[in-house]
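Inspection log for the structure reproduced underneath, given as C-alpha cells.
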Amino acid sequence: MNIRLFIKASIIAGFISLPISVNATDLDRRQSELKSIQAQINKQQSAVKNTHKQRERLISLLKKDEQAIAVAAKKVNKTKQELVQIDKTLTELSSKYIQLDKLKTIQQKTLSNQLASAYLAGNHDYSKMLLNQQSPASIERLLAYYQYLNNARIASIKQLQTTIVELDEIKLKQQENQNRLNKLALEQQQQAKRLNQEQSQRQQTLTQLQRTLSNSGAKLEQLQIEEASLKRVVEQALLAMKNNPAFEGLSSKRKLKWPTKGRIKSGFGSKRSGQVKWKGVTISAAEGQNIEAIAGGQVIYADWLRGFGMVLVVDHGKGFMSLYGHAQTLLKAAGDTVNKGEYIALVGRSGGQTESGLYFEVRHKGQAVDPARYCKR
C-alpha cells in the first residue's frame, strides 16, 4: 500500500469514530503480519518445515480476519433490524397522527355547533325566570338542560385539548425517530465499509493460505486436522449437554424445516478427500441470509473452529444436537436458549471457504446422522 494513501486512510478513519479507529489499528497490524508471512513464503517456499509453520500462522491470521468480519457483520445486521423497526414506528406514528387530526376536526366542529346552539338559545337569568313567575318545575328543567349543555361543552373542550397535546407529542416522536433513522443510516454506511475492508483482508490471507496447500497431500492433512478439531468440539458438547426435560429432541419423520433456503451442494456421507467423508451437508446460500434453529434447545458452543469457521452447536435434548458452520456471524452465544425457527446466525464463508453456504450437521449421542431424516425434502 502506498504510504501516503495509508496515512490518508488512517486520518479519515480517525475522524469517523473511536471504535473504527481502534479496529483500523487492528486491521493494519494483521496486514503487516500478512506481508511478513508473504515475504517468508517467497523466500522459503520449497522448505516443507517452514511452509508448515507459515500455514499455521496464516490459519491463525485467517481466524482473526473472520472473527473481525463476524463482529462487523453482526453490527450491520443489528443496524439493519433497528432501521426496519424505526421505519415501522414512523409508519405507525404517521397513521396515528392522521387519525388524531381527523378526530381534532370532528371535535372542533362539535364544539362549534354547541356554542352556536347556546348563542341561539339566548341567556336565561335565574332571577328573571323567578320574577316572570315561571313554575319551579319548568325552571328546574331549564337549569338541568343548560347545565347538561355546559358540561358537554367543557368535556368537548377537554377532549380537544387532549387531542392537540397528543398530536404535538406524535410530532416530537416523529422528529426524534427521523433523526435516529438518519444517524443509523450513516452508521450502516460506515459499518458496511468496515465489513468490506475486513473481507478484503481475509481474501488476501486466504490466497496465501491456498498457496501452502498446493498439493493433495497437504490438503488431506489439513482436512484430517479439521476433522480432529470438530471431533474435539463434539466431545466437549457431549460433556456440556444436560438431560433437560424442556427439550424434546428431534422428530425423525422429516417434519422439520431446513435451517436456511438453498441447494444442497454436498450430501451426507459423500467423499471429501481420501477417506475423509462429509458428516453433514453443505447448503449453498447467499451470504448474510438468515440461519434458523431447526428445533428448540440451548446453545452449547458458539466460536470459531478451524476448517468450519464460525460454528454454533445447539443441544436439543435426548442426546440430539445440531451444528451450523461457515457462518458469517453468530447471533447467539453459549448458554442462550433458542426457539424453533429463531434466527441464530447468518450464512457466510468462514473457515476458509471461497463460496458462501452453510455446513449443517445433526448428531445423536455424538454420532453424525443424515439431516434428511429430520428435515423436509
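The values are calculated or read from the model by the stated rules, or taken from the named source; none is laboratory data. None of these values were measured; they are calculated from a predicted model. Quick reminder, even Gly has a Cβ in these numbers, built from the backbone with ideal geometry, and neighbours come from all protein chains shown. For the accessible areas, the whole protein counts, side chains as well, though only heavy atoms, and no ligand, DNA or RNA atoms are used. Shrake-Rupley method; radii C 1.70, N 1.55, O 1.52, S 1.80 Å.
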### Message
Looking at the stretch 288-311 only, could you name the residues that are over 18 Å from the mean Cα position of the chain (by Cα) and over 17 Å from F247 (Cβ atoms)?
### Response
W304, L305, R306, G307, F308, G309
### Message
Take R377 and tell me if it is at pLDDT below 90 and either open to solvent by 40 Å² or more (accessible area, probe 1.4 Å) or more than 29 Å from Q201 (Cβ to Cβ) (or both).
### Response
yes
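Count, please, the residues in the stretch 345-374 that happen to be over 21 Å from K318 (Cα atoms) and touching a strand residue (DSSP E or B) at 6+ places or on another chain (Cβ under 8 Å). It would help to see each step written out before you state the result.
Looking only at the stretch 345-374, we keep the residues that are over 21 Å from K318 (Cα atoms), and these are 345-359.
Now restrict to residues that are touching a strand residue (DSSP E or B) at 6+ places or on another chain (Cβ under 8 Å): 345-353, 355-359.
So the count comes out to 14.
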### Task
Restrict the check to the stretch 185-192 and report whether at least one residue is assigned to a helix (DSSP H, G or I), open to solvent by 50 Å² or more (accessible area, probe 1.4 Å) and more than 24 Å from N77 (Cα to Cα).
no
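Results for (1) open to solvent by less than 80 Å² (accessible area, probe 1.4 Å); (2) under 19 Å from E92 (Cβ atoms), shown as yes or no for each residue.
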site: N150; (1), (2): yes, no
site: N177; (1), (2): yes, yes
site: K183; (1), (2): no, no
site: Q197; (1), (2): yes, no
